[in-house]
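Working notes for the structure below.
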Amino acid sequence: MAHTRISSSLPPDIDPTKAPIAFGRRALPKLNEELQSPVLLTQQRALMALCDLVHDPEKVYQAVELGFLDNLKTLLRHHDSTIRQKTTEVLYIMAMHSVGRQGLIKNGVISALAELLDNPVDICRKNIHQTFEMMAKLPEGAVDILHAGLIPFLVLKLKSEPDEIQELILDTLSNCLRVEASEALANGAVTILKEKLTHSSVAIRSKAAWVLLEISTHLEGKTAICEEVTPVLVGLLEDADPEVQASATGALMFATVKPQGRFSALGAGAIPPLLKLVAEETSKARLSAIKTLTMLAEVPEGRKTLLGHTHTFQQCLNDPSEAVKRAAQIAIRVIQWKP
Amino acid sequence: MLPARDAEEAAAAAAALAVRYSYSSRPRALSARPKYRAPPDAAEPEKESVRYANLMYDRRVVRGNTYALQVIPACTHPDPLEIQRQRETRRRALARKRTKEQEQSRTPEPVEGREHVHVQTELYLEEISDWVIGVDTECQTDAFLDRPPTPLFIPAKTGKDVATQIEEGELFDFDIEVKPILEVLVGKTVEQALLEVMEEEELARLWAHQCAYAELRNAELAEVQRLEEQDRRYREEKERRKRQHKELLQKQKETTEKIAARAFAKRYLADLIPSVFNNLHESGFFYDPIERDIETEFLPWLMAEVEETLERKVLGRTMLDSLIRTVVEKRLDAFSSQPPFDQTEAPAEEPRPTDVEPQVAIETDADDQPVTEEKETDKLVAEAQRPRRISFMLHDSDQAGTEDLETE
């Protein structure tokens, strides 16, 4: 019988691990069928080909329409680890597009992914966490993650996972906790995050401070943070990296809303570093620093100290950003208020 | 060796049937003797897997009938002289055998008078001799001639002859044709690369945008919360002040009420004491002890005594009544049966002295009593003087007496 292959040796540039892709619109349906075949090799090759195709948004849309996600969900429970890895990779790439994200939410893939959180293979878990991170950027995705009850797991994983996965988890948590923080607080997230604030890696410190920021936007979070974490955050204000400074200032901004927080921040000597941050023209943390100083100025001791520094705020009035100008005006008004 | 051994063993076996059979050399499977010797420079014969030879092909096994015994000399190392002699005898035996074979005729003996002659019967007679006619021939190549080159081998032509020719313009120009293919290839690759880079760039830009937005949002949120907090504080302060003020007012009101109540109470109580005292005085709580004493003790005793006296009087009267009654009844009886007059007077007089005696005794005690007693004695006398009008008069006097007593 005539074969398409002329010689027995393959042409030099073909990747033998990928399934051959059919032309045009037939590509994805054919891959769909191949994914369901009982032969392991066919499934693996189909998955590799799918990984490449999914970078194109149109293909993502088509895949979601064809109902690929159900197949992928089944494959997540496959016994072969290569297949699981590749499936999580495909899901991650799909989650990078908005269409894909919508499809993932609709098909409830998050709960299926949650089963694999304990997988021993590193890459698999990394892909899963990347997918969660992408999903958490959408508000519906964040709500989905909360409903799936993943927050306790994620908080626990913070302790055990390697660094890069920790960064991903912290990102996911920061997006989810923006919606609701009570579950995380119940699982002792504040203690764990406090440890992470003193971690050696810069990225982890800034992200941990960001998560604390999100926690402290809620009332119970503020209470939890005021007692223990404020001194550490004040310490981070003098950190070398601007990212860390920005996140720490943001977290302090919310923590000082409550009077307890204000007193503990003042007690930890937060005013000098904050003034330094405000004085820098290009600091990211400028806005947050101005706001934090505004909060602290509501306390009588803070007001006394800041009355001597109003010129710094006058300088801020020249900042190009509208928000900074407004914030500086409010700050000056609060400082000069007489009861 | 073997036949002797066998005989020995058989004898041994026959002799001792009951004794367990024992070998002088244990039977073992003999390995095959290798065909070729090991090379002389082999250090050690390698122990290969033992190849067991087939018994049938083993040269060491005795073949043929063993009935004729071949006696083997006892000593296996004969001296060389013996060996040589044996060899010579063997050679002579062989030679004798050969000559004998030759002389031995295989055909039957000639009949008498005849002779067997060897005759050649072939067509051509052959001279039979021992040595073969040999001819020497020599051959030699030309001196110092090189070997000529081998002629070119051209195989014979087979098959049909076919020719083809590429005309002008039939062949494709690779450079022109390859362009669209190259374009497609390069284009697709670049497109894919651009897609990937754009993806990452898009993501990075989205993330930066989100960060900026998040910052603004956080700042606004913080502002909102701060204002909320401020508002809450002011409200709380206001509440506190209001409460304080209310409490103050309340206290003031209470104080005025208290003062008013105090004044009123004071005024009310001002004439409470005299009125109380009056009431008490009126209800008799303040008393003169002697008066009280007299009232509480003396008077009851007096009353008791009076009662006793009266009782006695009453008793007396009743006795008198009963006396008079009996007298009257007796008189009646007497009148009906005419009884004497002096009997009535005597019993009437008897109770009189008994009455007078206790009265005289009592007189000594009280002050008031003599007055009443005198009255009583007068009455008794009056009564005694009117014995006839018994019942009515007694009753009247009794009533008068009691009335008098009551007025006292």
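Read-outs: derived from the displayed coordinates by stated rules, not from any lab. The structure presented is a predicted model; accordingly, all values stated were derived computationally and were not measured. Note that each Cβ is placed from the backbone with ideal geometry, even for glycine, and that neighbours are counted across all protein chains shown.
Data for the structure
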item	result
Lys, Arg +1 and Asp, Glu -1 on Cβ, resulting dipole of chain A about Cα centre, debye, nearest 20	640 debye
Peptide B:213-221, shielding by other chains (average Cβ, 10 Å cutoff)	6
For the stretch A:26-116, radius of gyration divided by Kirkwood radius, i.e. Rg to Rh on alpha-carbons	0.92
Contact order relative to length of chain A, as percent, for alpha carbon pairs under 8 angstrom and 6 or more apart	8 percent
Karplus-derived 3J(HN,Hα), 6.51/-1.76/1.60, for each residue of the stretch B:186-196, Hz, glycine and proline x	5, x, 5, 4, 5, 4, 4, 5, 4, 4, 5
Exercise: per-residue mean of other protein chain Cβ atoms within 10 Å, A:290-296	3
Computed [θ] at 222 nm, deg cm²/dmol, chain A (DSSP H ≥ 4; -39,500 (n - 2.57); rounded to nearest 500)	-21000 deg cm²/dmol
For chain A, diffusion coefficient by Stokes-Einstein and Kirkwood Rh (Cα), 10 °C, 1.306 mPa s, µm²/s	70 µm²/s
Length-normalised contact order of the stretch A:26-116 in % [C-alpha pairs under 8 Å, at least 6 apart]	29 percent
Virtual spin-label span in nm between B:E112 and B:K258, 7 Å along Cα→Cβ	20.0 nm
Burial ordering of B:Y23, B:Y124, fewest other beta-carbon atoms within 10 Å first	B:Y124, B:Y23
Order of B:D293, A:D171 - criterion: other Cβ atoms within 10 Å of each residue's Cβ, fewest first	B:D293, A:D171
The stretch B:209-327 - Rg over Rh from alpha carbon coordinates, Kirkwood radius	1.85
Filtered chymotrypsin sites (Phe, Trp or Tyr not before Pro), the stretch B:170-259: DSSP coil and at most 16 other beta carbons within 10 Å	B:F172
Only Lys, Arg (+1) and Asp, Glu (-1) charged, at Cβ; the stretch A:68-163 dipole about Cα centre in debye	80 debye
A:K284 long-range amide H proximity, modeled H, under 5 Å	none
About the Cα centre, charge dipole magnitude for the stretch A:26-116 (Lys/Arg +1, Asp/Glu -1 at Cβ), debye	80 debye
Farthest toward positive dipole pole in chain A [+1 Lys/Arg, -1 Asp/Glu at C-beta], among A:G221, A:F313, A:L150	A:F313
Phi to ³J(HN,Hα) by Karplus 6.51 cos²θ - 1.76 cosθ + 1.60 over the stretch B:288-300, Hz, x for Gly, Pro	7, x, 5, 4, 4, 4, 4, 4, 6, 9, 5, 4, x
